[in-house]
Amino acid sequence: MRKMRKGFTLVEILIVVVILGILAAIVIPQFSDASTQSKVSSSLSSLQSLRSQIQLYKIQHNDIAPTLADFESAMTWCSDSTGPKTGYAARTATNKTSHPWGPYMQSVPMNPWAAALTADSLGAADGAGVGWVYNEVTGDIYIGTGDITDAEIKTKLKDAGGVYVAVP
């Protein structure tokens with residue numbers, strides 16, 4: 001009488017491994033696309049927040065945009081209608097009347113496409129290491145794309161109005 005052994009044969013195990021490999025090949029690219037879509041949405045949302053806060057600053061400061069050099073202070077500290085001329089200060093009980101406007105945000109948001117150490121940096125022109133491209137004359141701000149290598153992502157951001165496009 002022959003004893004029956006319980007277990008899987010090598011062929012059965014190989015079939016299961018092949019099926020799992022096929023499923024992984026189908027599912028993994030969908031996760032990476034979801035991550036890309038998340039970064040696109042995050043950068044566009046941060047851009048919209050920056051644009052609205054710059055507009056509020058301009059309204060309260062006689063249609064003058066913050067300077068590139070003072071941008072972070074202008075957005076994260078309080079000021080009077082002259083902005084950088086009298087300086088920026090933290091909100092306190094004693095300076096409510098001398099610095100009534102701001103802060104407009106807690107910190108400059110990170111650009112998820114920029115290098116980690118420069119993700120919140122501003123520049124007058126796009127390039128590697130620039131988180132946000134800012135025009136201090138007009139107050140226009142755009143997503144820095146110098147660190148993005150994928151042309152499809154740049155196109156998505158451009159189509160959404162997040163990237164500066166020079167008019168020929």
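Things to note:
- With respect to the conditions (1) of a type in the set (A, V, I, L, M); (2) in a helix (DSSP H, G or I); (3) surrounded by 17 or more Cβ atoms within 10 Å (Cβ to Cβ), Ala65 falls short on a single one, namely (2).
- Cβ-Cβ distances below 9 Å connect the following pairs, each with a first residue in segment 31-59 that is more than 16 Å from Thr145 (Cα to Cα), a second residue that is surrounded by 14 or more Cβ atoms within 10 Å (Cβ to Cβ) and among the polar types (S, T, N, Q), and a separation of six or more residues or different chains: Tyr57/Ser79.
- Restricting Leu56, Leu47 to those that are of a type outside the set (D, E, K, R), closer than 30 Å to Lys156 by Cβ and within 11 Å of the chain's Cα centre (by Cα) reduces the list to Leu47.
- Residue within segment 28-40 that is farther than 30 Å from Ser79 by Cα and touching a Leu at 6+ places or on another chain (Cβ under 9 Å) present: yes
- Residues being of a type outside the set (A, V, I, L, M, F, W, C) and outside any helix (DSSP H, G or I) - total across segment 1-34: 6
- Residue match in segment 126-137 (condition: β-branched (Val, Ile, Thr), under 21 Å from Ile54 (Cα atoms) and crowded, with 19+ Cβ neighbours inside 10 Å): yes
- In the condition set (1) under 30 Å from Gly146 (Cα atoms); (2) assigned to a loop (DSSP other than H, G, I, E, B), Arg91 is compliant with all but (1).
- Scope segment 58-90; condition of a type outside the set (Gly, Ala, Ser), modelled with pLDDT of 90 or more and out of contact with any strand residue (DSSP E or B) (no Cβ under 9 Å at 6 or more places or on another chain); matching residues: Lys58, Ile59, Asn62, Asp63, Ile64, Thr67, Asp70, Met75, Thr76
The values are calculated or read from the model by the stated rules, or taken from the named source; none is laboratory data. Computed from a prediction, not measured in an experiment: that's the story for all the values here. Don't worry about glycine lacking a Cβ; one is built from the backbone with ideal geometry, like all the others, and counts go over all protein chains shown.
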